[in-house]
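The values are calculated or read from the model by the stated rules, or taken from the named source; none is laboratory data. Owing to the predicted nature of the structure, the values given are computational and were not obtained by experimental measurement. Counting neighbours? That spans all protein chains shown, and the Cβs are built from the backbone with ideal geometry, glycine included. To get the accessible areas, we keep the full protein, side chains included, count just its heavy atoms, and leave off ligands, DNA and RNA. Shrake-Rupley method; radii C 1.70, N 1.55, O 1.52, S 1.80 Å.
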Amino acid sequence: LRKLMTPMMFLVALLLLLALGMDTHQKIFSNRGHSLTGISAKKKIISDTVPATIDNPLPSGACGAYSELRSVNFLHKSISESICEGAAAYTIVDSAFPLCRLKQHLPPVLTEGVRVASVQTFIRSPLTQRNLSSFVYVYSSPDLISNIIRTEHIFEKRNIRIMQQIIRKLAAKSPVTFMDIGSNIGVFSLPILDLGVPVIALDANIRNLIRLKLSAEAAKASEVDSAFPLCRLKQHLPPVLTEGVRVASVQTFIRSPLTQRNLSSFVYSSPDLISNIIRTEHIFEKRNIRIMQQIIRKLAAKSPVTFMDIGSNIGVFSLPILDLGVPVIALDANIRNLIRLKLSAEAAKLPHKLHLLWNFVNRQVSLMYLNFPKECNMGGATKLGRAVVDTIPVMSATADSIVPLVDTKLVVMKVDIEGGEGEFFKSAKKLFDSFTIPVVHMEWLKRHMSDMERQFMIRFFYERRYSPRSMNDLTKLININLTGYEGDDLVWVHKHFEDAGILL
């Protein structure tokens, strides 16, 4: 019996080993909650009709977020073969499931299923103080972390700042990669991506990863090889736009501080801060406009000059500068403002070259919806969360993308884009290298900029031999780098033109 048992036991053991190891390519699927494994010498094709967990209902009162994508059969070939790069999901390769690196293009049933169950908000980077896109995707249903991000725009602020500081120091000396193991929806990954550092994010919840993917794509925090066009408005716009703006406007005039001519101006008929002032006083920021007119007239007497009005609003600066016969490039994120400026220039019979650019300034390729303040101020719209969110998507553009539109060597600039000034100058290296820019007038409000952003702009101008002056009395601001500047506006003057007496 012992002699017979030994071969029999050997045969049984051999059959068991073959059964367990005949093929490492396996496909696992779920049938009404039970796991089954199909094993074959050839890769076994599992029927697409096998149900997944769609008939496993949630208990009454469960969180709404838990129902998301629950009805999707992930074992269906159209899904399982469209999720991971280089391998089908649930297929064992080399004795293990594949590392499932999500594909660039996921099945729409997944991305759209997550998108419609999300709310768009933003995360504020603790280190850079940048708002990482207006399109960070969080759960619309109750969820602990999503709820906090919607209200506080950050989660674990201190921890993220510490990690950002460490990574920035390391990255200054050698390339570094950040691994976010248990990424959730990207509360760490997005701020680290904002530093320009590659991120590997792993999470067991595909709903979280899809939200992180959508957020990173919206913010374009990773490198992109394309950009939205610089949107230069056409001469003839659709009547639904021009007439829609015209009937919602009042035609008045702006009195040019330097020439004293009355320049036709279309303003908002509804309450609006700047429009209200123009209707009654026929000017806004009179002293600042006069100073800029005087500087431009002096420069234009010797060489052609172009005026860039970055954050033009309805044209309170552009129209008086056009009145001097100087070409103007006016950029604004609110198309309603630009159409009013267009109507005003046409009515004022100012035939000089006028480029109207409808974009918001950002180095990241993204779309944005303007956020208007509670008080009526169409010029106070920003990317920041405010009382009223606009319905019109606006494309991003960089300062350097404006370069091809400039026909003169001299450029004078006004920049007032409600806290976006730092982003403008971060994307303006080519602009400043290509032209001679004697003067930059800008809004300088500490509440609109982080300390890091303020220091960057000070460094940007000092390195290019500019010095700051107050627009109140044109006195030189010697200690701006130490104490900051508490005023509303200042003007940066290049040393060459300062020495030549451009402000006298």
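Annotation for region 82-100: no member residue is at pLDDT 80 or above, buried (at least 19 other Cβ atoms within 10 Å of the Cβ) and touching an Asp or Glu at 6+ places or on another chain (Cβ under 7 Å). In region 393-413 there is at least one residue that is of a type in the set (S, T, N, Q), within 22 Å of T121 (Cα to Cα) and under 16 Å from the mean Cα position of the chain (by Cα). Just one of the listed residues (I148, I160) is outside the structural domain of K426 (by the TED database), of a type in the set (A, V, I, L, M) and open to solvent by less than 20 Å² (accessible area, probe 1.4 Å), and it is I160.
In the set (1) in contact with a helix residue (DSSP H, G or I) (Cβ under 9 Å, 6 or more places away or on another chain); (2) farther than 30 Å from F74 by Cβ, the condition left unmet by I206 is number (2). All of (1) open to solvent by 50 Å² or more (accessible area, probe 1.4 Å); (2) in a loop (DSSP other than H, G, I, E, B); (3) at pLDDT below 95 hold for L241 with one exception: (2).
Residues in region 222-238 that are open to solvent by 90 Å² or more (accessible area, probe 1.4 Å) and either modelled with pLDDT under 85 or small (G, A, S) (or both): how many? Outline the logic, then answer.
Of the residues in region 222-238, the ones open to solvent by 90 Å² or more (accessible area, probe 1.4 Å) are 223, 225, 232, 234-236.
Now narrow it down to the ones that are either modelled with pLDDT under 85 or small (G, A, S) (or both): 223, 225.
The qualifying residues number 2.
State which residue is surrounded by the fewest Cβ atoms within 10 Å (Cβ to Cβ) when the search covers only region 181-221 and only residues that are farther than 19 Å from T111 by Cα and modelled with pLDDT under 90. The extreme case among them is G196. Taking every residue in region 64-77 that is touching a residue at least 24 places away in the same chain (Cβ under 8 Å) and pairing it with any residue that is in a helix (DSSP H, G or I) and of a type outside the set (D, E), at least 6 positions away or on another chain, the pairs with Cβ-Cβ distances below 6 Å are E68/R207; L69/G113; V72/V109.
Assess whether V116 counts as being in the same structural domain as R158 (by the TED database), farther than 19 Å from D203 by Cα and open to solvent by 20 Å² or more (accessible area, probe 1.4 Å). Reasoning before the result, please.
Values: in the same structural domain as R158 (by the TED database): yes; farther than 19 Å from D203 by Cα: yes; open to solvent by 20 Å² or more (accessible area, probe 1.4 Å): yes.
The answer is yes for V116.
Taken over region 185-199, the criterion of being out of contact with any Leu (no Cβ under 8 Å at 6 or more places or on another chain) and more than 16 Å from A171 (Cα to Cα) is satisfied by V187, F188. Within region 252-268, residues that are outside any loop (DSSP other than H, G, I, E, B) have Cβ atoms under 7 Å from residues that are among the aromatic types (F, W, Y) in these pairs: N262/F253; L263/F253; S264/F253; S265/F253, counting only partners at least 6 apart in sequence or on another chain.
For region 404-425, indicate whether the set of residues that are closer than 21 Å to R469 by Cα, open to solvent by less than 10 Å² (accessible area, probe 1.4 Å), out of contact with any strand residue (DSSP E or B) (no Cβ under 6 Å at 6 or more places or on another chain) and in contact (Cβ under 8 Å) with a residue 24 or more places away in the chain is non-empty. Yes: one or more hits.
For region 150-180, the candidate set comprises residues that are under 12 Å from S125 (Cα atoms) and touching a strand residue (DSSP E or B) at 6+ places or on another chain (Cβ under 6 Å); within that set, the residue that is modelled with the lowest pLDDT is H153.
This table checks each residue for (1) under 30 Å from V240 (Cβ atoms); (2) surrounded by fewer than 23 Cβ atoms within 10 Å (Cβ to Cβ).
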site	(1), (2)
E285	no, yes
I291	no, yes
Q294	no, yes
R297	no, yes
G311	yes, no
I314	yes, no
N334	yes, yes
A345	yes, no
H352	yes, yes
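Scan region 435-448 residue by residue and report those that are open to solvent by 20 Å² or more (accessible area, probe 1.4 Å) and either modelled with pLDDT under 95 or over 20 Å from V406 (Cα atoms) (or both).
Passing the criteria: E443, K446, R447, H448.
Tell me, which residue of region 359-375 that is over 12 Å from the mean Cα position of the chain (by Cα) and open to solvent by 40 Å² or more (accessible area, probe 1.4 Å) is nearest to G196 (Cα to Cα)? Filtering region 359-375 for residues that are over 12 Å from the mean Cα position of the chain (by Cα) and open to solvent by 40 Å² or more (accessible area, probe 1.4 Å), the one nearest to G196 (Cα to Cα) comes out as K374. The requirement of being in contact (Cβ under 8 Å) with a residue 60 or more places away in the chain, in contact with a His (Cβ under 9 Å, 6 or more places away or on another chain) and not basic (K, R) is satisfied by P327.
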